[in-house]
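J.: One structure coming up, written as structure tokens, with questions to follow.
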Amino acid sequence: MIGATILIETALSYGLELKTCLLGTNIDIQHIGRNDVFIEPQQEFQLVRNVLAQIEQPHLFSLEVSKRSEIIRHGILGITTLNAKTFLEALQIMIRFSHFNVNYCYIEPTIDLSGAYLKLHNLNLPSDLRDFYLERDMIGLVKAQVELNSLELQPTRIQFTHDIPDENKNQYRDFFGIDANFSAQDNRLYIRLEALNCTLPTHDEKTLKYGLEQLQLLKLKTKNQSNSKFNHDINSYTYKVFKFLYTYFQNGYSAEMIAKSLNINSRTLHRKLELEGSSYFNIFQQFQIQRAESFLKQSDISLENIAEQLGYSELSSFSRAFKKWKGVSPKKFRQSEQSIISR
């Protein structure tokens, strides 16, 4: 609930009362700031409505929310984005793994005769929240460009479909470095065409490769393996369980702990997973398999360390489990992967 956490942090800095902000959201106060707890979009929407109802200048509030949204706070997606080779690749990563970021607006990179720009779509959102999320996500993109530390990414033009009070426009100019255009036909953030392929100073190929592997594993495992309607639903319990495991597995986990984080009991969690054609055991096993394979593809991690990372007290126990999963020992699996890479 990183998006909700940032929103709450900003609201508190405005002097708002937490109890009032959370009214009707069913968000547990103890869960604020925890990346292993997940909330429904409707819960966040109610949170936004509660906060905006108490804010005199909502446009400046969205600006402050975006300033607090650092890429690194977005976990593995943030780390991977920071290590992309180019800004275009960073965007492609954000779009490809959009399930795991906080943006609600769809980002469409476009190149035409007018130049290179990012077009943001917000019509899928509730009408009373479109302006807020558009501003938050647009400003967040500019903030991300700053964090990527490339002067080439300075925006050349910005336009919004809505308007804001004239007295707020100076703050937008100060943040963007240029005047923003309002009441436009669509929402666009322009940058220099050549900036799309400029090499980012934060790029690290090894970290990028590892991050992409983990994101792909996470994406695959959040999809239900049956033909259920929950297959591509980020609100499914299959998705929530796997995301919890990915975030929290190094500190211990259990079905009871995950159920508690979702504000249900373990019996209800097992029943909901069964309705989705899944189970806690299968999700956990697939999670372990994919983590093991990912670690084994990295030659600089010892087998003993991998076993420890996956919660095995002895290498022999891990080896037996992996051979049962894949039909070969961890050592042979690593050798075969290295052979493929060296071809």
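Only the coordinates and a few stated rules stand behind these numbers; no lab work does. Every value quoted in this text rests on a predicted model; they were computed, and no experiment measured them. Every residue, glycine as well, gets a Cβ built from its backbone with ideal geometry; the counts of neighbours run over all protein chains shown.
J.: Students often forget the sequence filter, so: which lysines lie under 23 Å Cα-Cα from LYS260 once same-chain residues fewer than 8 apart are removed?
T.: LYS19, LYS221, LYS223, LYS240, LYS243, LYS272
J.: Then there is this: Residue separation times 0.36 nm, minus the C-alpha to C-alpha distance between ASP128 and ASN26: what's the value?
T.: 34.7 nm
J.: With Cβ to Cβ distances under 14 Å as the rule, what net charge do the other residues near ILE55 carry (K, R +1; D, E -1)?
T.: So the environment of ILE55 carries a net charge of -4.
J.: Calculated FRET efficiency, GLU167 and SER13, Cβ-Cβ r, R0 25 Å, to nearest 0.05? Mind dumping the intermediate values first?
T.: Details: r = 21 Å, r/R0 = 0.83.
Rounded to the nearest 0.05, the efficiency is 0.75.
J.: While we're here: Please work out the FRET efficiency for the pair ALA184 and THR207, using the Cβ-Cβ distance as r and a Förster radius of 30 Å; give the result to the nearest 0.05.
T.: On the way: r = 38 Å, r/R0 = 1.26.
It comes out at approximately 0.20.
J.: Rounded to the nearest 20 Debye, what is the dipole magnitude of the range 177-221 about its Cα centre when Lys and Arg each give +1 and Asp and Glu each give -1 at the C-beta?
T.: Details: 6 positive and 6 negative charges, 51 e Å.
Magnitude of the dipole: close to 240 debye.
J.: Using modelled amide H (1.01 Å from N, peptide plane; none on Pro or chain starts), what sits under 5 Å from the amide H of HIS162, excluding residues fewer than 5 places away?
T.: Here SER183, ALA184 satisfy the definition.
J.: Rounded to whole Å, give me the distance from the Cα center of the range 45-62 to that of the range 101-120.
T.: After rounding, the separation between the Cα centres reads 25 Å.
J.: Excluding residues fewer than 8 places away in the same chain, name every one of the aspartates and glutamates whose C-alpha is closer than 19 Å to that of LYS209.
T.: By straight Cα distance, LYS209 reaches GLU89, GLU293, ASP300, GLU337.
J.: To continue, here is another question. With θ set to phi - 60°, apply the Karplus curve 6.51 cos²θ - 1.76 cosθ + 1.60 along the range 77-85 and write out the HN-Hα couplings as whole Hz, x wherever there is a Gly or Pro.
T.: Result, ordered by residue: 5, x, 4, 5, 4, 4, 9, 4, 6 Hz.
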